[in-house]
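Remarks on the structure that follows.
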Amino acid sequence: MSQNVIEAIEQRRSVRKFKPDPIPESFIQRILNCGLSAPSAGNLQPWQLWVVKLPHLKAALAEAACGQRYVEKAPVVIVVVAEPERSAAKYGSRGANIYCLQDTAALIQNMLLTATAFGIGSCWVGAFDEKTVGKVLGLSEGLRPVALLPMGYPTEVLYHPPRSKRPLTETVITLE
Ligand SMILES: Cc1cc2nc3c(=O)[nH]c(=O)nc-3n(C[C@H](O)[C@H](O)[C@H](O)COP(=O)(O)O)c2cc1C
């Protein structure tokens, strides 16, 4: 891996234009494994990762994502699926409605940062029709797709400055 975690955090940005070149399988496995290393409430790991490479399924996912066509142009789309019932079994409705989604968010960010470290671009895609994505993948009842992560080598330089972010002075409240 070419970067430390701080560099990856500072340099990550959403990428929506991909080369068709495939991502080496070893990189995909490492990205998935780093996702699975994320913290989760009670270490319940209430998630599934669907790795989609079939063109017709990627096209269907792009369609379900309000027609965001760049999704299907990525050589790989990882669909992050939450398992609310796994969290509910221990934590009830707080598990199903909050922990489960926080857990998957941590997993997603781990994967985005790992991809960045490999020079692979991605974008967290949350705008999609859940039911349609569930049908495309054939998900069982109760499972919730929470993000599509198209991944591929960027057509542009990956490491230009991140989008402008709200400053510390506006977002950090220190009580001392
Ligand atoms: C929960 C969530 C949902 C998002 N959904 C979409 C989306 O559907 N399509 C898209 O192009 N970007 C989506 N994004 C990416 C944001 O637009 C992007 O992170 C933001 O503009 C900041 O840019 P940066 O990632 O380069 O820092 C989403 C990000 C998050 C965290």
Measure of exposure for TRP50: accessible area at 1.4 Å probe, Å² rounded to 10, is 80 Å²
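What pairs from LYS90/LYS135; LYS19/LYS131; LYS19/LYS53 go past 23 Å between their alpha carbons? Walk me through the intermediate numbers first.
Values: LYS90/LYS135 28 Å; LYS19/LYS131 29 Å; LYS19/LYS53 14 Å.
Table pairs above 23 Å Cα-Cα are LYS90/LYS135; LYS19/LYS131.
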Note to self: with every protein chain in place and a 1.4 Å probe, the stretch 6-63 gives an accessible area per residue in Å² of 58 Å²
With all protein chains in place and a 1.4 Å probe, THR171 shows an accessible area in Å² (nearest 10) of 60 Å²
Helix-only [θ] at 222 nm, the chain, -39500 (n - 2.57) per DSSP H run of 4+, per residue, nearest 500, equals -12000 deg cm²/dmol
As a percent rounded to 5, the proportion of antiparallel DSSP bridges among beta bridges in the chain is 95 percent
From highest to lowest solvent-accessible area (probe 1.4 Å; ligands, DNA and RNA excluded), THR104, THR132 read THR132, THR104
Probe 1.4 Å, all chains present, heavy atoms only: PHE18 accessible area in Å², nearest 10, is 20 Å²
Taking a label point 7 Å from the Cα of LEU101 along Cα-to-Cβ, the residues of the stretch 115-154 whose backbone nitrogen sits under 14 Å from it are 126-128, 130, 144-147
Taking a crude spin-label model, label points 7 Å out from Cα along the C-beta direction, the GLU25 to ARG163 distance in nm is 3.5 nm
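Carbon-plus-sulfur fraction of the accessible area of the chain, 1.4 Å probe, in percent? It would help to have the intermediate numbers written out before the result.
Details: 5360 of 9720 Å².
It is 55 percent, rounded to a whole number.
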Residue separation between TYR70 and GLN11 times 0.36 nm, minus their alpha-carbon distance, gives in nm 19.1 nm
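Keeping every protein chain in place, order CYS34, CYS100 by accessible area at 1.4 Å, biggest value first, i.e. largest first.
Details: CYS34 40, CYS100 0 Å².
Ranked from most to least accessible, the order is CYS34, CYS100.
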Taking CYS66, CYS123 and ranking on accessible area (1.4 Å, protein atoms only), highest first, one gets CYS66, CYS123
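The values are calculated or read from the model by the stated rules, or taken from the named source; none is laboratory data. Nothing here was measured: the structure is a model prediction, and the numbers come from that model. Every residue, glycine among them, receives a Cβ derived from its backbone with ideal geometry; neighbour counts consider all protein chains shown. These area figures cover heavy atoms from the full protein model, side chains too; ligands, DNA and RNA do not enter into them. Shrake-Rupley method; radii C 1.70, N 1.55, O 1.52, S 1.80 Å.
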